[in-house]
1. Of the numbered conditions (1) of a type outside the set (Phe, Trp, Tyr); (2) touching a strand residue (DSSP E or B) at 6+ places or on another chain (Cβ under 8 Å); (3) under 27 Å from Tyr328 (Cα atoms), Lys297 satisfies every one except a single condition; which is it?
2. Filter the stretch 58-78 down to residues that are in contact with a helix residue (DSSP H, G or I) (Cβ under 7 Å, 6 or more places away or on another chain) and charged (D, E, K, R) and give me whichever is modelled with the lowest pLDDT.
3. Of all residues in the stretch 269-284, count the ones that are under 18 Å from Lys297 (Cβ atoms), among the aliphatic types (A, V, I, L, M) and either under 41 Å from the mean Cα position of the chain (by Cα) or not in a helix (DSSP H, G or I) (or both).
4. Please go through the stretch 223-261 and pick out each residue that is assigned by TED's automatic domain parsing to the domain that holds Lys290 and assigned to a helix (DSSP H, G or I).
5. How about the stretch 289-317: which of its residues are in a loop (DSSP other than H, G, I, E, B) and either at pLDDT 95 or above or surrounded by fewer than 14 Cβ atoms within 10 Å (Cβ to Cβ) (or both)?
6. Quick check on Ser220: is it of a type in the set (Gly, Ala, Ser) and assigned to a loop (DSSP other than H, G, I, E, B)?
7. For the structure I just gave you, tell me whether Thr200 is modelled with pLDDT of 95 or more and more than 26 Å from the chain's Cα centre (by Cα).
8. In contact with a helix residue (DSSP H, G or I) (Cβ under 9 Å, 6 or more places away or on another chain), surrounded by fewer than 18 Cβ atoms within 10 Å (Cβ to Cβ), assigned to a loop (DSSP other than H, G, I, E, B) and not hydroxyl-bearing (Ser, Thr, Tyr): is that true of Gly389 in this structure?
Amino acid sequence: MVYPLEGIKVLDFSIAVAAPFGAVMLADMGAEVIKVERVQGEAQRLGLPAGMDDYLDTSEVEKLPEKADWMAFNRGKKDLAIDIRSAEGKEIVLKLAKETDVVIQSFRPGVAERLGIGYTDISKINPEVIYCSFSGYGETGPVAHRAGGDMWSQAMSGMVSVIGYKGGAPQMIPFPACDHAGGMLVAYAVMTALLVRERTGVGQALTVNNLNAALYLQYSSFAEYLTEGKMPYKVGRSYQPPPFGPFRAKDGDVLTIFGTGPMWPKFCKVVGVEHLADDPRFSNDEARMKNREEIGKLLDEAFSKKTRGEWAQIFRDAKMRCDPCLTYDEVIAHPQLAANDMIFTAKHPKRGEIKMLGLPVKLKKTPGKPQGPSPALGQHTEEILLKLGYKAKDIAELEKEGVIRTGK
């Protein structure tokens, strides 16, 4: 099978979540992605936050199981464990960079340049390279020098200011949504630049940052704010007037979208709360938005009297809709995921059989496919160096000096 990005070589210096996720998306489409990892291993292999590499005990890397998210963000890659701060290590990565199509790095602005692997350095030996720099906030500006991350982006982008109930405790999205969006933007940016190069022969540097990713997750809200001057605010369980949103049934949660505007009286009848239809506190969308916490509690109580399945049938009979809010267990077991081919199974050398999400994009004639599990630390170091012309004795000497790690 020929994969869409077969023949494309990617040198991945990135760590943590966002940029590695972008590199995985390229690997899933068949690109050869070499992950350049510290000799002692990336901190997140062991579940430590990014930037904690200096606190790693090298011996622990071999003993502890790799974390699920790290395996997911590095599946299908080759692993080169190397000290790029050493002269020999830098020489090796520059040899690789000379023949690579794409370089991805997520150092703070200026670090890659100080290491001698910035765009200027690499483009001198490889003018057609696509060089993607990922950062927390951008390459210039008053906070560009700060370490970034998903939570910082949620805070700075205004996201936290609109999540939860007014007057309630501040809340965050309980998974790194900004990092995930940042990774998708990395893949999008690289693919766009590759298309430009295909058409013009011109390589280039490009930048993606987490703050912009967080803003783009709020694209519609910022459109209203920037154009209409409408300030988003905390709306609790839904950004639309109740009963648009989730409610608590007897055996879990349900989501309704019918019942706003002129459908409110019919909704009240279906749910068995006819007395609320003409209540002035809830009689129109504006009133229900103003009193959304109160109506939410009343509807929770009404929905709690029946199961999700019962409510689905009741709403279906009324030619309306009420769907269950699934748990992760229920999502994975749902036949729609099997139909969408969204669960990938691989055999990991340490963890055995593992499962993770598959590809969300399906090319009909040249589909992609996860290219295998995440690599062990230094698993491909020897293979990569042999291809560069290094002899076995040279590799052994480099490992002895601590420049590389082969994983043997």
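1. Failed condition: (2).
2. The qualifying residue modelled with the lowest pLDDT is Glu60.
3. Here the count works out to 3.
4. Of everything in the stretch 223-261, just one residue is assigned by TED's automatic domain parsing to the domain that holds Lys290 and assigned to a helix (DSSP H, G or I), namely Gly261.
5. Ser304, Lys305, Lys306, Thr307
6. no
7. Working: modelled with pLDDT of 95 or more: yes; more than 26 Å from the chain's Cα centre (by Cα): yes.
For Thr200, the condition - modelled with pLDDT of 95 or more and more than 26 Å from the chain's Cα centre (by Cα) - is met.
8. In short, yes.
The values are calculated or read from the model by the stated rules, or taken from the named source; none is laboratory data. The structure displayed is predicted, hence computed values, not measured ones. All Cβ positions, glycine included, derive from the backbone under ideal geometry; neighbour counts span all protein chains shown.
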